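Read through the structure below, which is laid out as C-alpha cells, and then see the notes.
The values are calculated or read from the model by the stated rules, or taken from the named source; none is laboratory data. The structure presented is a predicted model; accordingly, all values stated were derived computationally and were not measured. Because the Cβ atoms are built from the backbone with ideal geometry, glycine has one as well, and the counts that use them run over all protein chains shown. Each accessible area value is taken on the protein alone, full model and side chains, heavy atoms only, with ligands, DNA and RNA left out. Shrake-Rupley method; radii C 1.70, N 1.55, O 1.52, S 1.80 Å.
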Amino acid sequence: MHSAPTAAPTRGAPNRAAPTLPRWSALPALLLAAGTLPALAQTPTSLARASRPEPSNLGQFVADRGAAIALGKALFWDMRVGSDGKTACASCHFHAGADTRSKNQLSRGPNGQSFAFGGPNYQLRPSDFPFHQFADANNRDSAIVRSLAAVSSSQGVFRERFSGIVPGQAEDTRQVVYDPVFHVGAVNTRQVEPRNTPSVINAVFNLRNFWDGRAQTIFNGVNPWGKRDTGARVYRNDRYWSLLGWRDNVRAVQVTINDASLASQASGPPLSDLEMSAAGRRLPDLGRKMYALRPLAGQQVASDDSVLASRRAANGDGLSSSDYAQLVKQAFRSEWWNGSQRVTIANTSYSQTEANFSLFFGLALQMYQATLVSDRTPFDRFAEGSSTALTPQQLTGWGVFLGKGKCVNCHGGAAFTNASIHRRLITDRLNRMVMGDGNVAVYDEGFYNIGVTPTAEDRGVGGNDPFGNPLSFAGLAKKSVLLFNLYEQALLDNLVTPFTRISVQGSFKTPGLRNVELTAPYFHNGGTATLMQVVEFYNRGGNFARANIADLDADIQPLGLTQSEKEALVAFMKALTDDRVRKHAAPFDHPQLAVPNGHPGDTSTVTNDGWGRATDDWLVIPAVGRGGYSAERIPTPFLGLAQ
C-alpha cells in the first residue's frame, strides 16, 4: 500500500459507501479518468483466472508430475532435511505459509548491531510493537517514543560445523561451535534469521523470491544464482551403444530452467548455517542422507492427505516408499539418476543421484509450492461478479485501496504485488519514476524503499551477489547491458547506461497481500504486529522517509486517512483471506510437524543439553487432511492478536 503525490478526495462514511460506489469493474476506470490511479497500475482481479508460471522445459527433467509434487511435499515437511534432524522447510512456513512463533524469534538483523531489546530466547509481547513508534501513530513529525534496530524473524539451527553423513541416520555428524551472538551465558541458543519470514503461499507468482530478490528467475539446477554462477553444473548420463553393450557417460552440463524462481529459492535454505544446516554441508551430502531414509518416517500423515494419501504407510507413520531414492526415480527422467559413474565435487566423490540432489530438490519443491494458490477468497468471488461477496465496509476499503490509499500502485494484479511474474507483460523488469527527492530514477519493478528502516541498515536488492555483481536488475544493467542480457536471458525494456540514475538501495520485494491477516508480523524486519499498525505506517508516510529520501518511493507521503477509512482498509485486507488457508484445508493440508519454540527458561537462564546447546521447547502441529482443522484446532495467530 502506497500513497501518491496527488491525494484523491476523501470518500464518504463506510456505512454509506456501498450504495454509492460504482461496480468494482468500473471503479478503476473512473479513478484513472480522475487522475488518481496511475496508468500502469494493475487493478487486482481474481487469482483463479491467473495463469500459473511453469518452466517451458520442465519435461526435460520431470517424468511424472504427480510423483514430483508428492516428492516436493514430503521434502518440504520432512524435519530430517535439517542437519539436526529436527528442522524442515516447513518449520518457518507452517501457518498460512509463514511463521507465528513468538519466543526466540528476535534477531539483530543484517546490520549486526545490538539486539536493541530482549536478546536470545526473548518472549515477544504485543507491547513491543511497532519497533519504531511515534507519539502520534499517524504523524511522522510527532515525537519518537522508541526506535528499535531489531528484527522479528524465525529461529533456525544452532551454530555447528558439518562433519559428515551416516547413511540411515536422521542427524548429520556435526560439532557445536560457540556462538558469540545467540547464546544465554555459555550455552548456545538457536540462531534467528536476519529478515522476517514471507509466506510461501502464492509465491509461485513472484518473478524473484526472497526479500532481496536473490532467488533468480532462471534455475541453474544447483543454487539460487541462476546464470550468474557460470560454474554451476548438474550431471546427465548420455548413454551410448558400443560393441560391449550400453555404456554410461555421466558428464557435467549447464541447464537453464526458466520461470523457476521457486526452485532457485528452495536450493538456498538447506545450506544456510542459520536456517537449516551445519556450516560446510553441500546439497549432495544432504542427498546422500535423504536417499537412505523412508520419507517422513516419524511424522504422521493424514489418511486423506490431498497429495500423499495414496503413498501413506498403513499405520500413518510417513510414506510407504522404501526411501527417497525410490521417489526421485519415479519423479524424474532416468538420464538424471541412472548413471553408474561417480562424479567428484570439491574433492569428494558422489553418485550421480547424490550430485543432482539440488536439481531434484529445487524442482520438486517448486512443483509442490505451485499448488499452494489461495484463489477462493471473498475478494475473488467479488471480482468474479458477486456483488454481495464484500461487506459495505470492505467495499469502502476497496475504494480506499484503489484511490486515496494508493495501495494498488505497488500491490497490483491478481497476486496483489508488482513483483509478480505477470507484471512482465506491462513493464518487464525495470521501470522509471520520480523518487522521493523529486528526481527520476530507474528501479526494479516491484521493489521499493518505503522507509521501514534506514537504508544503510539493510540495503535489500541494493546489495551484491557472491560474484561481485549487483543483485538488482537496474544495477546489473548499469554495470553491463550485456551481462544483464546474458544472466536474465532477456532484453532491456528501459534504456540504462553507465550514467543512468538508478534507485535500488534499501528496496525490498513487495509482498502479496493475500492471507495477510494470518501472516503477522509484517515488513522485512517484522516490526509491526497488526494490520492497523501497517495502515498507520502508510498513513503517516513511513518511518524514515526523510532519511531515505534519495531512494524513497515518492508515494510514501502522509495520506490523511480518517479512522473509518483505516478501519475499512483493514477490513478489505481481511477479505483477501482464503478460508482453506486459515483451516489448513487442501491444498494447504500437511503432515505432522514439530517446530522448536524457544528454549525452557528466559533471556538469562536456559538448560544445557550436555553439548553446549539449549534444550528446546516444542510446538506440535498435528497432521491434517484435505478437510482441514476444525475451528478449535486452528493454530493461534501471532501473539494471539486478532486482526
**Asked** Add -39500 (n - 2.57) for each DSSP H run of 4 or more in the chain, then divide by its residues: what number comes out at 222 nm, to the nearest 500 deg cm²/dmol?
**Response** -5500 deg cm²/dmol
**Prompt:** Taking amide hydrogens as modeled 1.01 Å from N in the peptide plane, which residues meet the under 5 Å criterion relative to Ile345, leaving out close sequence neighbours?
**Reply:** Tyr350
**Area accessible to solvent at Val434, 1.4 Å probe radius, in Å²** = 70
**Prompt:** Structure shown: which of Lys509/Lys583; Lys103/Lys404; Lys479/Lys509; Lys73/Lys227 lie over 29 Å apart, alpha-carbon to alpha-carbon?
**Reply:** Lys103/Lys404
**Item:** Difference of contour (0.36 nm per residue) and Cα-Cα distance, Thr562 to Leu491
**Value:** 21.1 nm
**Item:** Over the chain, relative contact order from alpha-carbon pairs under 8 Å, at least 6 apart, %
**Value:** 22
**Request:** Evaluate the Debye formula for segment 102-213 with equal point scatterers sitting on the alpha carbons, no solvent, and hand back log10 of I(q)/I(0) at q = 0.13, 0.16, 0.23 Å⁻¹, in q order, two decimals.
**Result:** -0.69, -0.92, -1.20
**Message:** For a quick check of understanding: with a 1.4 angstrom probe and all protein chains in place, what accessible area in square angstrom does Cys92 have, to the nearest ten?
**Reply:** 20
**Neighbourhood net charge (13 Å Cβ-Cβ; Lys/Arg +1, Asp/Glu -1) for Thr256** = 0
**Asked** To the nearest 10 square angstrom, what accessible area does Met79 show with a 1.4 Å probe?
**Response** 30
**Item:** Rotationally averaged projected area of segment 317-443 (alpha carbon convex hull; nm²)
**Value:** 15.7
**Fill in**
Given backbone amide H placed at 1.01 Å from N, residues whose amide H is under 5 Å from that of Val192, ignoring those fewer than 5 places away on the same chain, are Gly156
**Prompt:** So, with a 1.4 angstrom probe, what is the percent of accessible area on segment 72-216 that is carbon and sulfur?
**Reply:** 50
**Asked** Rg and Dmax of segment 495-539, using alpha carbons, in Å: what are they?
**Response** 15.1, 44
**Request:** State the percentage of accessible surface on segment 417-480 attributable to carbon and sulfur atoms; use a 1.4 Å probe and exclude ligands, DNA and RNA.
**Result:** 51
**Asked** segment 168-238: which chymotrypsin sites (Phe, Trp or Tyr not before Pro) are DSSP loop and have at most 11 other beta-carbon atoms within 10 angstrom?
**Response** Tyr178
**Complete:** On the accessible surface of segment 510-618, probed at 1.4 Å with all protein chains in place, carbon and sulfur together account for a percent value of 51
**Message:** Please report the spacing between the Cα centers of segment 564-631 and segment 217-281 in Å, no decimals.
**Reply:** 32
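Give me the net charge of Leu430's neighbourhood, meaning all other residues with Cβ under 10 Å from the Cβ of Leu430; Lys, Arg count +1, Asp, Glu -1.
Local charge sum for Leu430: -2.
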**Asked** If the chain between Trp241 and Val181 were fully stretched, how many nm would it gain, using 0.36 nm times the residue separation less the Cα-Cα distance?
**Response** 15.8 nm
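For the chain, what is the accessible area per residue in Å², given a 1.4 Å probe and the full set of protein chains?
That works out to 36 Å² for each residue.
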**Rel. contact order, % - alpha carbon contacts under 8 angstrom, at least six apart, segment 50-190** = 19
**Asked** What does the charge add up to near Phe134, with Lys and Arg as +1, Asp and Glu as -1, over the other residues with Cβ less than 14 Å from its Cβ?
**Response** +1
**Request:** Using θ = phi - 60° and the Karplus relation 6.51 cos²θ - 1.76 cosθ + 1.60, list the HN-Hα couplings for segment 229-245 in order, rounded to whole Hz, with x at every Gly or Pro.
**Result:** 8, 6, x, 5, 9, 10, 10, 10, 9, 9, 5, 9, 9, 10, 4, 8, x
**³J(HN,Hα) computed for each position of segment 620-633 - Karplus, 6.51 cos²θ - 1.76 cosθ + 1.60, integer Hz, glycine/proline x** = 9, 9, x, 4, 9, x, 4, x, x, 6, 6, 4, 6, 9
**Request:** Taking Cα extents along the principal axes in Å as the quantity of interest, determine which of [x] 117, 84, 59; [y] 80, 58, 48; [z] 88, 74, 64 was computed from the displayed structure.
**Result:** [y]
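Can you give the Kirkwood hydrodynamic radius of segment 399-502 from its Cα pairs, in Å with one decimal?
Details: mean 1/r = 0.0672 Å⁻¹.
Every distinct Cα pair counted, the radius reaches 14.9 Å.
Once you wrap a convex hull around the alpha carbon atoms of segment 506-586, what is its projected area averaged over all directions, in nm²?
6.0
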**Prompt:** Between Ala550 and Ser56, 0.36 nm times their residue separation minus their Cα-Cα distance comes to what?
**Reply:** 173.9 nm
**Prompt:** Which whole-number percent is the relative contact order of segment 562-643 (Cα, under 8 Å, 6+ apart)?
**Reply:** 33
**Fill in**
Any residue on another chain or 5+ positions along whose placed amide H is under 5 Å from the amide H of Val184 is listed here as Thr189
**Asked** Calculated FRET efficiency, Ser303 and Gln169, Cβ-Cβ r, R0 41 Å, to nearest 0.05?
**Response** 0.90
